[in-house]
Amino acid sequence: MALANDLYDGILNGDAKKARAATEAALASGAAPMDLIQQSMVPAMDEVGRLFEAEEYFVPELLLAARAMKGSLELLKPLLAASGQKMAVRVLIGTVKGDLHDIGKNIVASMLEGSGFEVIDLGTDVSPESFVTAVEQRKPHVVCMSALLTVTMPAMKLTIDALKTAGLRTQVKVLIGGAPVSQQYAEAIGADGYSENANGAVGLVKVLLAGEAA
Ligand code: B12
C-alpha cells in the first residue's frame with residue numbers, strides 16, 4: 001500500500017514530516033496502529049540498522065530515523081492506549097544503565113498501556129539503584145527492562161541482583177527484551193521471561209500474573 005510505503009520511506013530516510021503525514025493518512029483510511037508499527041515502522045528501523053552495519057548510514061542518519069519513528073509513534077500512542085480497561089496491575093519499565101535506545105521500550109510501554117496495565121516509565125539509562133528505588137516506592141507487579149547494546153545487557157543482571165539484595169526480587173516478575181537479548185540470556189540471569197516483541201510482552205505479563213492479578 002502506498003501510504004505504508006511512504007511511512008517506511010519516511011522513517012528510512014529520516015524524513016519526519018513525510019512519516020507523520022503518511023501515519024495520519026493511513027490512520028484516516030482505517031489502518032490499525034499495530035499494523036503500521038509491525039509492517040512499516042519496525043521493518044524500516046531494521047533496514048536502518050542494516051545500513052548502519054554496512055557503514056552506509058552513520059549516527060546522524062540513525063538519529064534522524066529515530067526522530068521520524070518517534071514522531072509517528074506519538075500519533076499512535078494514544079490510540080494504542082485507548083483500548084482496554086485499566087487493571088490493577090502496575091508495570092515498571094526502563095532501558096538499563098548506559099543504554100539510550102528507547103524506541104522499542106516505548107512501543108512495549110504503549111502496548112502494555114493499551115492492554116489496560118498501569119505503566120510507569122523510568123526512561124533510559126536507568127541504574128540498578130533507580131530500579132530498586134522505584135520498586136520500593138511504586139510497588140509494581142512487573143519490572144520490564146530493555147537493552148539494545150551487548151555492552152549494557154549485564155546491567156539487567158546487575159538490576160536483578162540489586163533487587164535480590166534489597167529483598168524485593170520475590171515481589172516482582174522481571175521481564176527482559178531488546179534486540180541482543182534472548183530467552184537463554186533471560187534464564188541465565190534469573191529473569192522470569194523474555195519476548196522478542198511488544199505483543200509477546202503483553203502476553204507474558206498476562207501469563208505471569210494469571211491468578212495473582214485483579
Ligand atoms: C535507532 C538506533 C539508535 C538511536 C536510538 C534512538 C532512540 N531514541 O532509541 C541512536 C542514534 C541514539 C543510537 C545510538 C547508539 N547506537 Co544504536 N541503533 C539504533 C537502531 C538502528 C534501531 C534500534 C531500534 O529502535 N529498533 C526498533 C525497535 C522497535 O526495536 P527494538 O528496540 O529491538 O524493540 C523491540 C523488541 O526488541 C522488543 N523489546 C524491546 N525492549 C523490550 C523490553 C521488554 C521487557 C520486552 C519483553 C521486549 C522488548 O519489543 C520491541 C518492539 O517490538 C539499532 C539497529 C537495530 N536494527 O536494532 C542500532 C544499534 C542497537 N545501535 C548500535 C550502536 C553501536 C549504537 C551506538 C554505540 C553508536 C555510536 N557509535 O554512538 C550508540 C549507543 C548510545 C547508547 N549509549 O545507548 C548497535 C548495537 C551493537 C551491539 N551489538 O551492541 C546497533 C545494533 C546497530 C548496529 N547494527 O551496529 N542508536
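Just so it is clear, none of the values below were taken in a lab; they were calculated from the coordinates. Note that the structure is predicted; figures quoted are calculated from it, not measured. Backbone-built Cβ (ideal geometry, glycine too); neighbour counts: all protein chains shown.
List of remarks:
- FRET efficiency for the pair V151 and N199, taken as 1/(1 + (r/R0)^6) with r the Cβ-Cβ distance and R0 = 22 Å, rounds to 0.20.
- Ellipsoid semi-axes for region 138-214, based on the Cα gyration tensor and the rule √(5λ), read 19, 17, 9 Å when sorted largest first.
- Linear extension gain, E74 paired with D9, 0.36 nm per residue minus alpha-carbon span: 21.6 nm
- An oblate overall shape is assigned to the chain, the ratio a/c of its alpha-carbon gyration tensor axes (a ≥ b ≥ c) being 1.5 or greater and a/b not exceeding b/c.
- Scanning the chain for DSSP H helices at least 30 Å long along the axis (C-alpha atoms) with a Kyte-Doolittle mean no lower than -1.0 picks out 59-82.
- Distance between the pseudo-spin-label points of S182 and E55 (7 Å out from Cα toward the beta carbon): 2.7 nm.
- Label-zone membership for region 151-186, site E129, 7 angstrom Cα→C-beta point, backbone N under 20 Å: 152-169
- Between region 48-73 and region 1-27, the alpha-carbon centres lie 14 Å apart.
- Using only the C-alpha atoms, the convex hull of region 1-70 corresponds to 66 Å³ per residue.
- Aspartates and glutamates whose Cα lies under 20 Å from that of K157, excluding same-chain neighbours fewer than 8 positions away: D99, D102, D121, D125, E129, E136, E187, D192, E196
- Mean residue ellipticity, 222 nm, helices only, the chain: the sum of -39500 (n - 2.57) across DSSP H runs of n ≥ 4, divided by residue count and rounded to 500, is -17000 deg cm²/dmol.
- Of the GluC sites (Glu not before Pro) in region 124-214, the ones in a loop by DSSP (not H, G, I, E or B) with at most 14 other beta carbons within 10 Å are E196, E212.
- Summary value for the chain: 16 percent relative contact order, contacts being C-alpha pairs under 8 angstrom separated by 6+ residues.
- Anisotropy class of region 86-150 from Cα gyration tensor, a/c 1.5 cut: oblate
- Amide H contacts of F117 (H built 1.01 Å from N, under 5 Å, at least 5 apart or other chain): M87
- Computed E for L100/K206 - FRET, C-beta separation, R0 30 angstrom, nearest 0.05: 0.55
- Here the spin labels are modelled as points 7 Å beyond Cα on the Cα-Cβ line, and at R90 and D35 they lie 3.7 nm apart.
- Amide H contacts under 5 Å for D99, placed H, 5+ residues apart: D125, V126
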